[in-house]
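We did not get these values from a lab; they are worked out from the coordinates using the rules stated. Predicted model only: the values in this text are computed from it and were never measured. Glycine gets a Cβ as well: all are built from the backbone with ideal geometry, and neighbour counts include every protein chain shown.
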Amino acid sequence: MTANSVWLEEEHNRFELEAGRDLARIDWQRARGRLPDVAQLLGAALPASCAHAAIYPEGFAFCPDCGAPLAAATPPPRPAWWGATTGTIAAEDAPLPRHVPHGLAQTALPLAAALETRPPEPARGQAELKIPAPPNAVCVFAAATFGFAAQRLLALAFTRNVLQYWDPLAQRWHVMTPEGDGATADLRFTSSQYAWLPLAQPERRGEVALVPSQDGLFLLLIDPVSESFRTEPLLQAPLVASPGAVNRRVATLFLSGAHYSRSVRLWTADFDGADPEVLDIDSADPAIAIPAEGWARPYSYDGQLCWLHDAGQLLWRPGSVPRWLPWPFPWQPRLQFGGPARSRDGRLWLIGHDGADYSFRELGTEGVAQVMPIEGARLGFGTLLFRRGHQVKDDPWAVEDVEDQTRGDALVLPLLENAGGARSQPSGLVLRFEQFTGRAEAAMAGDVLPRVIVEWVGQRNVILDEVARLKLPGDCVPFVYDGSLWLHHPMWNEIRGWRLKDFA
C-alpha cells in the first residue's frame, strides 16, 4: 500500500494496481497497452534492464527479485495552462497580476524571456515540434497534472461532447469515455463563447474544472488511467453564457421559467456550489431583451464580472444587482477584433463602429461612458494593440508607432499577450497578414489570407513560422504544454510547437 494506491503482489514479485485514490477499478487488459503512460501518471516505476515485472509501485527504486535499478517514470514538473479564464490559478502556475483583467488571452508565464533568445527578424524560423491535431479539432486545451504525478494535455471538443487525452509517450490521442449509467452530463456548449473555470486546489485526484454545458454547470473529473470521465452538477438549467469568477464567487447566466415565458437570470455560488443565489437582472432599457445566446466569454476586473455581447454588456459585482446595459444606437462593437483594451489610467475600452467611424467606448461603467474616436480599425486586447501592421504602444486611441513604413500593407492580429513583469513595451504572439490591404472585418470573416507570419513581438521581434492560405485566423488557439508553445487551428492537420528555452 502506498499513499495513493493499493497494489497486489502476485507470484514472482509481479505487481498489479488493485485500487487508486479517486480512481475506478483498472482494466489491466486495456492498460497494459499503455504502461509507460500509466506509470508516469501514477508515479510508478518501470523495469530498466530486467523483465521480472511490467510495472512497480511508487517509491520502488530496485527490482525486489534481482536488485536491478528501475527507471523513474515521473517527468519534471511544468506550470499548468488553462487559456483565457477568470478562474483562480495556483501560485506555481504564474497567475496574472491583479491589475490585469482576467479572462482575456493573456499569460504571466515567462514566454518573452524564452522566445526572444531566438534570432530576431528578418531571420525566419519554423516550428520544430509537431503533434497530430485532435480527431475533433474544434476544442479548448488544458495542460495540468489534475492531481496525478505527471502533466497531461486535454482537448475538450465542446461542439461534439468529446473529451480527448494526449498520450505523449505513444504520441496519440485517446477519446475518453463517460463513466457510469448515463449520469455523466453532455459536455456540448455552443450557445456562446466557451470558457471553463479551473480549480486551483483540487480536493480529489482527477478534478479538472467547472465546465458549462447545454444542461447546466458541472464539475468535470477524469480518470486518465481508465481513459474515462464523469461530471457532478452544480447547476442544472440551460446556460446562455460561460461561467466566470470574481472574489471567490462563481457566476453564470441561465434561462429561467417556463418555455413560453423564459427570462435570463444570474446564478452565483461558491466554487463548491455552496451558498447559491439566483438574481434578477436590472435592465437599463427594458425594450432591448437580454440575449439568450451569442455572449463572449466573461472577464473580471476591479472586483466586477462582465459579459460582452453584440447588443450590450452585462455587469455584476458580488453583493449588488446585475445590470444589462445595451449599446447606444448606432454604435456596434467589433468583438472579433480581440476584446477589451486597457488604457494607461487602468480603464477598459472596446472598439466599435457607429456607421461612419471607429471609436473606443469605455467599459464597466453604469454612468455615461466616455467615447474616444479613432481613425481605422485596431486589433488586439489588453495592451497588445495594432493598427494595420504598426503597434500602438500608448493608450488604445494613440497614434501608432511606425518603425517600418512597409508594414502599412500588413494587418496584425494578436493571439496571446505576455502580461506582467517589468517590460518596457507590450509583448505577445501575433499573426501578421502580409500584403493585406482589405478591411479587418473581411480578414476575420473568412477571406483567404495568402501569406501569414506567426511572430513574437516584444523587445525583439522573432518570426516563428509562416502559414500559407489561412482562413478564419481568429480560430487559432495558442497554448503552453510540456515546456513548449503550441499553435492550433481546426483546419490544420498538425499542431505547431516551439521549445521554450530554460522554461520550467
Practice task
Within the stretch 468-482, work out how many residues are farther than 27 Å from PRO122 by Cβ, touching a Phe, Trp or Tyr at 6+ places or on another chain (Cβ under 8 Å) and outside any strand (DSSP E or B).
Solution key: 0
Exercise for the section: Within the stretch 294-302, identify whether any single residue is more than 24 Å from the chain's Cα centre (by Cα) and surrounded by fewer than 22 Cβ atoms within 10 Å (Cβ to Cβ), and answer yes or no. Expected result: no
Exercise for the section: Considering only the stretch 353-420, give the strands (runs of 3 or more DSSP E) lying wholly within it that have at least 3 residues that are not β-branched (Val, Ile, Thr). Expected result: 358-362, 379-382, 384-387, 411-418
Exercise for the section: For the stretch 337-358, enumerate the residues that are within 20 Å of ALA296 (Cβ to Cβ), free of Cβ contacts under 8 Å to residues at least 24 places away in the same chain and out of contact with any Asp or Glu (no Cβ under 8 Å at 6 or more places or on another chain). Expected result: HIS353
Exercise for the section: Kindly indicate whether any position in the stretch 451-467 is part of a helix (DSSP H, G or I) and closer than 24 Å to PRO396 by Cβ. Expected result: no
Fill in the blank from the handout: Expected single match for in contact (Cβ under 8 Å) with a residue 40 or more places away in the chain, assigned to a loop (DSSP other than H, G, I, E, B) and under 19 Å from GLY87 (Cα atoms) among SER226, SER191, SER242 is SER242
Practice task
Could you please let me know if PRO95 is in contact with a Ser or Thr (Cβ under 8 Å, 6 or more places away or on another chain) and assigned to a loop (DSSP other than H, G, I, E, B)?
Solution key: yes
Practice task
Count, please, the residues in the stretch 78-88 that happen to be buried (at least 20 other Cβ atoms within 10 Å of the Cβ) and out of contact with any Gly (no Cβ under 7 Å at 6 or more places or on another chain).
Solution key: 6
